[in-house]
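Data block below; observations after.
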Amino acid sequence: MPNNDENDQKKINVVDRRRFDAAGEERGEAPHNEGAAAGGDNGFTIEGDPNGKEEVAFGSFVMSLATQVLVQLGEMPAPHGMEIPVDLGAARQTIDIIAMLQKRTRGNLSAEEGRFLEEVLHSLRTSYVSRASKK
């Protein structure tokens, strides 16, 4: 059996780079990719990356979709100045997209990414069922 100690030592680091905080307040200057704005490559600047460039992390992508679901369910406020109504259909569709990603990436994710994806899906599905039962 392979040694999983090496995989157990890896950590997923998610950096919240959204323009607005959870209360809908603007955080200040929004992060941006100066290289892309100046016609550079398509990489994104990630905190802690010594080279200043890295591809978008899978965990960050999943978190952006999860945040979208929470806004669609009304569990997270929309950005300041925006009004986004509760939309259970859109939330369900976004959860289904995350589930599709889980199915299509099976065997290609690290153990940590797989667990992270499973936990996010469980949490979102629980929130969806709770919200849908209130209607």
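The numbers here are math on the coordinates, done by the rules we state, and not lab data. In this text, all values refer to a predicted model and were calculated from it rather than measured experimentally. Counting neighbours? That spans all protein chains shown, and the Cβs are built from the backbone with ideal geometry, glycine included.
Miscellaneous remarks
- Selected residue (criterion: nearest to Val69 (Cα to Cα)) from residues of the range 108-135 that are in a loop (DSSP other than H, G, I, E, B) and in contact with a helix residue (DSSP H, G or I) (Cβ under 9 Å, 6 or more places away or on another chain): Lys135
- Among the residues making up the range 81-99, a single one is surrounded by 10 or more Cβ atoms within 10 Å (Cβ to Cβ) and farther than 14 Å from Val69 by Cβ: Met82.
- Look at the range 82-110: where a residue is free of Cβ contacts under 8 Å to residues at least 60 places away in the same chain and a partner is of a type in the set (D, E, K, R) and part of a loop (DSSP other than H, G, I, E, B), sitting 6+ places away or on another chain with Cβ atoms under 9 Å, you get Val86/Lys135; Leu88/Lys135.
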